[in-house]
Amino acid sequence: MAELDFSQEMIRDRMAITQSSLVHEALEDRHAFAALYQQWVKPVYRYLYSKVRDVHTAEDLTSQTFITVLQSLHTLRDPQRFPSWLFTIARNKAMDHFRKTRYDVPADDEWIWPKAQVESESNHAEPEDRILVRQELTRLTEPELELVRLQYVADLTFIEIARVLSRPESTVKKTLYRLLARVQRQLEQENGN
């Protein structure tokens, strides 16, 4: 198992080097920026949709995010930090949107099911399980939901989440693991286990 983790770490490192090269190229070449866009548009959209719960608003915020990225890419000091920089911009666009519109988005689980279905053995979540997860999501605070979104929707690493949230990596890990354990305990209690 440790060998598997090591190879996954090597793959992530290799991807970071490629990512870094692509970011450098994107400063000079619009085709490289298009490749960077194609690589990240879906994760950014899913993340924003999970926050705003409206297709058109998520599309608009995704567009605004990439316009800002295009205009500000030259300010990025460390290209290996591109993912956390990108999601910080996306997060700020969503916060700006909520400040302007001043409405709350109900917690919903639909944004997490595509990844959960891929990871499940049966590729099918029972309706009862979905209802329980939906109930548990409504109990999470916004900072807790943000951790879940960044980990499971945006698929960021712990260090990238830490950079987006301006927190130590160890705090992010500890908080997320405790949160998941708490949700699991609550689900087990509701199932009568």
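Quick check on packing: order 27-35, 81-89 by the mean number of other C-beta atoms within 10 Å, highest mean leading. Provide the component values of the computation, followed by the final result.
Details: 27-35: 12.6, 81-89: 21.7.
The most tightly packed comes first, giving 81-89, 27-35.
State the extension gain, in nm to one decimal, for the chain segment bounded by Glu169 and Gln189, taking 0.36 nm per residue of separation less the distance between their alpha-carbons. Don't skip to the end; give the middle numbers.
On the way: separation 20, 0.36 × 20 = 7.20 nm, distance 3.02 nm.
In short, 4.2 nm is gained.
Just order 48-60, 136-148 by mean Cβ neighbour count inside 10 Å, highest at the front, would you? Numbers along the way, then the final one.
Numbers: 48-60: 17.9, 136-148: 15.0.
My ranking of the peptides, most packed first, is 48-60, 136-148.
We did not get these values from a lab; they are worked out from the coordinates using the rules stated. Owing to the predicted nature of the structure, the values given are computational and were not obtained by experimental measurement. Heads up, the Cβs are rebuilt from the backbone with ideal geometry, glycines too, and the neighbour counts pull from every protein chain shown.
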